[in-house]
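Inspection log for the structure reproduced underneath, given as structure tokens.
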Amino acid sequence: MKQPYLIVIDLDGTTLKNDKTVSVKTKQTLRRAAEEGHKVCIATGRPHHLSKAYYEELGLDTPLVNFNGAYVHHPHDPNFGPYHTTLPLSTVKEVIATCERFNVRHIMVELLDNVYIREKDIIKDHSFFIADRPLHQGDLSQLLTEDCTSILIQPQESNMNDLFHQLQNAHAEVIEQRSWGAPWHVIEIIRHGVNKWVGIERIAAYYGIPRDRIIAFGDGDNDLEMIQHAGQGVAMGNAIDALKEVAYAVTSSNEEDGIAQYLEKVLW
């Protein structure tokens, strides 16, 4: 067998088709890679409870990168981590105050196992993110009493860029921002210096796999660092242009088994 690769897969827009399922071919390819000794890991912006089903479906037994690197853990091995990087409570409250001045549509603050929301309307619009976690609703400045994992903000689309730049100017040294595209148009905030690549480096060190044997697949803004730094950073055919520009290679889209097509060429 070849020396083992660390194969890192984003979920939405990468491993998952547009209907949020994993194709038979992609699943079989990833499972074959794992059976042959390669390490297949998920690195996603999702919280852990929203990636668990896919982790199990793929039959993985490796560490997991959630919240874009803010939480890195191994569901089956307590000797790995966990590594949880949080936003200071004072920063969270300052960000919320800025968002209130911009009259944002929704604010959601996430801890590992709890969700805090400002208004009940968000349950209808974003039930996907809230499912299966305790929900707390009310005045966030009063409800929040500890450091937080991430903040999700849905601005008015007309002033999303203005809010993004205002937050960046005020908090650049303590926060990292990511913008989501349609259909949500969300700004996600985590601790400065945190990204998927930080988590991947921890996992690579755990397995003793050098950077030149890391293959990472992604499609969006939150995949930029891992695509830049992996030995083979692969952008999906449906990826944003900025990702394709820095990628080692571009494969087919998430609807066309891009991961499977690339791995078949590299591994076999």
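The values are calculated or read from the model by the stated rules, or taken from the named source; none is laboratory data. Since the structure is predicted, the reported quantities are computational estimates derived from the model, not experimental observations. Here the Cβ is made from the backbone with ideal geometry for all residues, glycine too, and neighbour counts use every protein chain on show. We work out accessible area using only protein heavy atoms, side chains counted, and drop any ligands, DNA or RNA first. Shrake-Rupley method; radii C 1.70, N 1.55, O 1.52, S 1.80 Å.
Scanning segment 231-266 for residues that are open to solvent by 60 Å² or more (accessible area, probe 1.4 Å) and assigned to a helix (DSSP H, G or I) gives D241, K244, E245, E255, E256, Q261, E264, K265. Return the residues of segment 175-224 that are part of a helix (DSSP H, G or I), touching a residue at least 60 places away in the same chain (Cβ under 8 Å) and either within 16 Å of L243 (Cβ to Cβ) or not aromatic (F, W, Y) (or both); say none if nothing qualifies. Passing the criteria: K196, W197, V198, G199, I200, R202, I203, A204, R213, N222, D223.
Taking the criterion of being of a type in the set (S, T, Y) and farther than 17 Å from K20 by Cα, would at least one residue in segment 54-61 satisfy it? The answer is no, given that none of the residues of segment 54-61 is of a type in the set (S, T, Y) and farther than 17 Å from K20 by Cα. In segment 182-209, which residues are over 23 Å from S150 (Cβ atoms) and touching a Leu at 6+ places or on another chain (Cβ under 9 Å)? Matches in segment 182-209: A204, Y207, I209. Of all residues assigned to segment 17-40, at least one qualifies as being part of a strand (DSSP E or B) and under 19 Å from the mean Cα position of the chain (by Cα). In segment 49-58, what residues are open to solvent by 40 Å² or more (accessible area, probe 1.4 Å) and not aliphatic (A, V, I, L, M)? If the condition is that a residue be open to solvent by 40 Å² or more (accessible area, probe 1.4 Å) and not aliphatic (A, V, I, L, M), then H49, K52, E56, E57 are the ones that fit. Tally the residues that are in a helix (DSSP H, G or I) and buried (at least 20 other Cβ atoms within 10 Å of the Cβ), restricting the search to segment 59-95. Selection size over segment 59-95: 6. Screening L111 with (1) at pLDDT below 95; (2) buried (at least 16 other Cβ atoms within 10 Å of the Cβ); (3) more than 13 Å from I151 (Cα to Cα); (4) out of contact with any helix residue (DSSP H, G or I) (no Cβ under 8 Å at 6 or more places or on another chain) gives one miss only, at (3). Of the residues in segment 209-230, at least one is open to solvent by 30 Å² or more (accessible area, probe 1.4 Å), charged (D, E, K, R) and either in contact with a Pro (Cβ under 6 Å, 6 or more places away or on another chain) or closer than 28 Å to R101 by Cα (or both).
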